[in-house]
Structures are given as structure tokens and as C-alpha cells.
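**Q** Quick one: the structure is below, and I'll ask about it shortly.
The values are calculated or read from the model by the stated rules, or taken from the named source; none is laboratory data. Values in this document were obtained by computation on a predicted structure and should not be read as measured data. Neighbour counts run over all protein chains shown; Cβ positions are idealised from the backbone, glycine included. Note: areas computed on protein heavy atoms with side chains; ligands, DNA, RNA excluded. Shrake-Rupley method; radii C 1.70, N 1.55, O 1.52, S 1.80 Å.
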Amino acid sequence: MSPAEEEKSLPLPERWPRASKFALSACAAAVAELVTFPLDLTKTRLQVQGEAAVHRNGAAATGQAVAYRGMLRTAAGIVQEEGVRKLWQGATPAVYRHIVYSGVRMVVYEHLRDSVLGRSEDESFPFWKAVVGGMSAGAIGQFFASPTDLVKVQMQMEGKRKLEGKPLRFRGVHHAFMKILSEGGIRGLWAGWVPNVQRAALVNMGDLTTYDSVKHFLLLNTPLVDNSVTHSLASCCSGLVAAVLGTPADVVKTRIMNQPRDKQGRGLLYKSSTDCLIQTVQGEGFLSLYKGFIPTWMRMAPWSLVFWLTYEQIRRICGVSSF
């Protein structure tokens, strides 16, 4: 049999390993995103509540009161005021985002771990290398996925705009992309990409680094084997650490992406992510950086659990080695 024929006889994961891993991680991420999306919507609404910059720029003059709510009241309010289906408003661009984001970050991380940074002789991956790999993979994945994240955040706020009597900005995902592109150009699609990438680097330092480190620590130092129990324990740890590290950057990212813009695509409330951070802390206090932390954590925990269990099982079924 010739080399070409031998290559054709190999299963797809062996012929195109990176493309296969991209597809598998994208499928797992899409499942996890749809299951936990209502918590993401609740988190986004909480993060823009009581925004000091909005108050200073005319909200007080119009007499609009800020309806401070907790996670449960916010979710219940969305259902009562907008309908159950609105809990999934913005889910389509969110799924698009995770197809790009999760696919890229997983492929990049494994490439860094297995080829660039390298494992130790005992097949363990040193913690500092896991940190570098996780942050790099998250940043690269999020940069490519930033336009879909921008559309997701803005579409999540459409229901609130309708209740406030403001005109809706978008008719759908395609219209949102085209409108943002026409108003701000290509750069407009990457509005808020800096805090977005910063957040993704921190989240993946918590998610990828923690999952990989905890999983292999358990396999090397406990009687546990490479199964769903080990995957569940590692994913629970990764979800908590990711939420703690990523929430402040997530608040900044959400506010920058949701702010109104002029005809040149420049933000009217914040000049940069640093300016947003300073205004938020000065106007609302340090703890405002953790607005939406509970739904963020409550979303990240099941998201990590669903994603990692699904991803590991899909890899096993398709004949790809465990992560």
C-alpha cells in the first residue's frame, strides 16, 4: 500500500488531528452554551446596572431610576417583562462565538502543551507552562471571536431597550453584524477587544490551566482514573477559579461593548478599558467589578462541567486521546 493510500485509510482524527479537535471542542462548547445561556444573559444585565458613567451622562436628568435586582429577581423580571424566550436572546451569536473561541483555544493550548512548551519526562505539564499556555490560548481564541462576542452582548440588551421605550437596534444576527460594520468599519467589529482578550486570558488561566493541572494531579497522586469522576472534579475547580479571575475584566468588557458610540465608532462613555475600570471603581466602588459574580460563577461551573464532560466523551467516542 502506498503512503497516500495508507493516509487515506486512517480515521479522520489521525489524518486531520487539529481540524478534528477544533470540531469536537466546538460541538462541546455549543452544547454547554445553550444549556447555560440564561445565566449569561442575567449576568450581562446585572453588569450594566447602576452604571455610573450613564448616570453622569444624562440618565438622572431623564428621571430614570435604576432597578437594582439580584440574580433571581433579574431572571424572573426578564421572564415576566419580556417572556421566557428572551432568556435565550443573543444565543445564536453566542454559539457562533464559542465555535470560534473554544475551537481555537483548545487547538492552540494542546499545540503549545504538546509541541512548543513540552511536557516533563513523567508526562506532567509544569504549572507555569500551563499558565502561559492557558493565557495565550485564551487570548488568541478570543481575539478571533471578538466580533461575535460584541454582537452577543449588544443583542442581549435589546429586550431592556424595548422596555425603556427605546428603538431596537437590530433585526437579527446578520443585521447586527452589518450595522456594526457599516457604522464603525472593520475596527467597529473589534470594539472592546482589549478587555475582551484580557478577560479571556484570565478566564483561561483559570479554566484550562486549572482543569489540566487538577486532572493530571489527581491521576498522578490519587487512585482516581481518567473517567467522568475525575473530569467532574477538575471542571468544578476550573469553573470557580475562572469566575474569580475573569469577572472584573468581564464587567469592563461588557460595559465597553454596550456603550453608545459616535459616527466614528468611538465610545461616548469610556475612552479605554483602563478608563472604564477607573470610572467604575471611583463611581461604584471596588466590589462593582464583581457585579454579576454569582450568575457568572453559577454559569461557569455548569458550563465547565458540561463542556469538559462532553468534550472528553466526544474525544473518546471519536478515538481521540483524552485531553
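**Q** Please go through segment 300-321 and pick out each residue that is of a type in the set (D, E, K, R) and either open to solvent by less than 20 Å² (accessible area, probe 1.4 Å) or at pLDDT 90 or above (or both). Write out each step before concluding.
**A** As a first pass, look at segment 300-321 and keep what is of a type in the set (D, E, K, R): 312, 315-316.
Listed by number, the residues that qualify are Glu312, Arg315.
**Q** Could you identify the single residue in Arg187, Arg169, Arg199, Arg161 that is outside any helix (DSSP H, G or I) and at negative phi?
**A** Details: Arg187 fails: outside any helix (DSSP H, G or I); Arg199 fails: outside any helix (DSSP H, G or I); Arg161 fails: outside any helix (DSSP H, G or I).
None of the others qualify; the one that does is Arg169.
**Q** Continuing with this model, one more query. Cβ-Cβ below 6 Å, separation at least six or inter-chain, first residue in segment 173-189 and among the hydrophobic types (A, V, I, L, M, F, W, C), second open to solvent by less than 50 Å² (accessible area, probe 1.4 Å) and outside any helix (DSSP H, G or I): which pairs?
**A** Within 6 Å, the pairs are Ala176/Phe170.
**Q** Hey, among Gly77, Gly90, Gly165, Gly185, which residue is touching a Lys or Arg at 6+ places or on another chain (Cβ under 7 Å), of a type outside the set (Val, Ile, Thr), surrounded by fewer than 17 Cβ atoms within 10 Å (Cβ to Cβ) and under 20 Å from Asn258 (Cβ atoms)? Break it down stepwise before answering.
**A** Details: Gly90 fails: surrounded by fewer than 17 Cβ atoms within 10 Å (Cβ to Cβ); Gly165 fails: touching a Lys or Arg at 6+ places or on another chain (Cβ under 7 Å); Gly185 fails: touching a Lys or Arg at 6+ places or on another chain (Cβ under 7 Å).
Just a single option satisfies the conditions, and that option is Gly77.
**Q** Need the failing condition index for Phe293 against (1) open to solvent by less than 30 Å² (accessible area, probe 1.4 Å); (2) in contact with a Ser or Thr (Cβ under 8 Å, 6 or more places away or on another chain); (3) under 23 Å from Leu34 (Cβ atoms), just the number.
**A** (1)
**Q** Thr274: without any contact (Cβ under 8 Å) to a residue 24 or more places away in the chain and either open to solvent by less than 50 Å² (accessible area, probe 1.4 Å) or outside any loop (DSSP other than H, G, I, E, B) (or both), yes or no? Before the answer, list the steps.
**A** On the way: without any contact (Cβ under 8 Å) to a residue 24 or more places away in the chain: yes; either open to solvent by less than 50 Å² (accessible area, probe 1.4 Å) or outside any loop (DSSP other than H, G, I, E, B) (or both): yes.
The answer is yes for Thr274.
Residue-wise test of (1) open to solvent by less than 50 Å² (accessible area, probe 1.4 Å); (2) more than 23 Å from Ala139 (Cβ to Cβ); (3) assigned to a loop (DSSP other than H, G, I, E, B).
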residue	(1), (2), (3)
Leu208	yes, no, no
Leu219	no, yes, no
Pro223	no, yes, yes
Thr254	yes, no, no
Lys263	no, yes, yes
Met298	no, yes, no
